[in-house]
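Shown next, in structure tokens, is the structure this report addresses.
The values are calculated or read from the model by the stated rules, or taken from the named source; none is laboratory data. Here the structure is a predicted model, which means the values were calculated and not measured. Here the Cβ positions follow ideal geometry from the backbone for every residue, glycine too, while neighbour counts run over all protein chains shown.
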Amino acid sequence: MNLITCKTMKKLSSLLASLIYNKIYRDFYQKKKRLMWGANPSSAVVQFAEFLMAKGVNEAFVLDAGCGEGRHAVYLAKLGFKVYGIDISSVAIEKAKKWITEAGVEYKVTLETGDVTRIKCKDYVFDVVIDINTINFIANKRKYLAEISRVLKPEGYFFLKILSDKNKAHGISKLEVNKLLNPFFKILRIEELEEVWEGIPQYQYKIFAQSLQPS
Ligand SMILES: C[S@@+](CC[C@H](N)C(=O)[O-])C[C@H]1O[C@@H](n2cnc3c(N)ncnc32)[C@H](O)[C@@H]1O
């Protein structure tokens, strides 16, 4: 009974989150008549793709966790990567599906509406995972990172762009980042980055990490 209740609660919380994000996306499109995250990849993802290619990781299977409208899925697919994008918002996923078709990379990209804290796939499936500002909006960050570590192959690369505590809302400190990642990943480097979104400066950390071997 408890198990059923717990599962039902998790499903309800995913459903609620999907309704909220769908509303956020719909309201944005109605007001601004353009993509919320823009038509270009973040410079951080461009840098990470260069890092992967320099390591000889060219045809990796990449999970884009919280892929939004698909700007990184399209970019990485054009470089030759195979991409699996998950987002809780079906509205964002519909945009992403349209975009990958227009870009002619639909054979390289699979997109699903879903919750990245409960990924429907086997263990150790992905060579690489990217999270571009998704983790900030996830309540149970530790559980989420455990899930990422479950689906990422041992020594697979994890690239995280996360709002830092220099921001007024949603950000987390470097100490907290370290504490959260340490049980699951070896941090290779953390760099600071400042970006502007809708005229507002966004302070970020770019984190290059690698999945630890399961003990
Ligand atoms: C700041 S946006 C970034 C979108 C995309 N990564 C990009 O850079 O263009 C964060 C995204 O995370 C998604 N998201 C939030 N919580 C999620 C969850 N539990 N599972 C899957 N996606 C989630 C939101 O719908 C949103 O698209």
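Some values worked out for this structure:
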{"quantity": "Qualifying residues in region 92-104 (those that are surrounded by fewer than 21 Cβ atoms within 10 Å (Cβ to Cβ) and hydrophobic (A, V, I, L, M, F, W, C)) - the one nearest to residue 35 (Cα to Cα)", "calculated": "99"}
{"quantity": "Among residues of region 83-94, those that are more than 9 Å from the ligand (Cβ to nearest atom) and more than 16 Å from the chain's Cα centre (by Cα), counted", "calculated": "1"}
{"quantity": "Pairs, first free of Cβ contacts under 8 Å to residues at least 24 places away in the same chain in region 139-152, second buried (at least 21 other Cβ atoms within 10 Å of the Cβ), C-beta under 7 Å, six or more apart", "calculated": "140/117"}
{"quantity": "Verdict on residue 63 being buried (at least 18 other Cβ atoms within 10 Å of the Cβ) and of a type outside the set (Val, Ile, Thr)", "calculated": "yes"}
{"quantity": "Enumeration of residues in region 56-82 that are over 15 Å from the mean Cα position of the chain (by Cα) and in contact (Cβ under 8 Å) with a residue 40 or more places away in the chain", "calculated": "57, 60, 81"}
{"quantity": "Qualifying residue in region 23-31 (condition: more than 16 Å from the ligand (Cβ to nearest atom), within 27 Å of residue 199 (Cβ to Cβ) and charged (D, E, K, R))", "calculated": "yes"}
{"quantity": "Residue in region 58-82 that is farthest from the ligand (Cβ to nearest atom), counting only those that are over 18 Å from residue 127 (Cβ atoms) and of a type outside the set (Val, Ile, Thr)", "calculated": "70"}
{"quantity": "Test set (1) surrounded by 15 or more Cβ atoms within 10 Å (Cβ to Cβ); (2) among the polar types (S, T, N, Q); (3) out of contact with any helix residue (DSSP H, G or I) (no Cβ under 6 Å at 6 or more places or on another chain) - residue 117 fails condition number", "calculated": "(3)"}
{"quantity": "Cβ pairs under 7 Å, 6+ apart, first in region 28-55 and closer than 16 Å to residue 99 by Cβ, second within 16 Å of the ligand (Cβ to nearest atom) and of a type in the set (Val, Ile, Thr)", "calculated": "42/132; 45/130; 45/132"}
{"quantity": "Count - residues of region 107-119 that are within 8 Å of the ligand (Cβ to nearest atom) and in contact with a Lys or Arg (Cβ under 9 Å, 6 or more places away or on another chain)", "calculated": "3"}
{"quantity": "Any chance residue 160 is modelled with pLDDT of 95 or more, in a strand (DSSP E or B) and of a type in the set (A, V, I, L, M)", "calculated": "yes"}
{"quantity": "Criterion: in contact with a strand residue (DSSP E or B) (Cβ under 8 Å, 6 or more places away or on another chain) and within 16 Å of the ligand (Cβ to nearest atom) - qualifying residue of 130, 187", "calculated": "130"}
{"quantity": "Residue check, residue 122 more than 13 Å from the ligand (Cβ to nearest atom) and surrounded by fewer than 21 Cβ atoms within 10 Å (Cβ to Cβ)", "calculated": "yes"}
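Here's the yes/no breakdown for (1) in contact with a Lys or Arg (Cβ under 6 Å, 6 or more places away or on another chain); (2) at pLDDT 95 or above; (3) surrounded by fewer than 23 Cβ atoms within 10 Å (Cβ to Cβ):
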{"site": "69", "(1), (2), (3)": "yes, yes, no"}
{"site": "73", "(1), (2), (3)": "no, yes, no"}
{"site": "86", "(1), (2), (3)": "no, yes, yes"}
{"site": "128", "(1), (2), (3)": "no, yes, no"}
{"site": "142", "(1), (2), (3)": "no, yes, yes"}
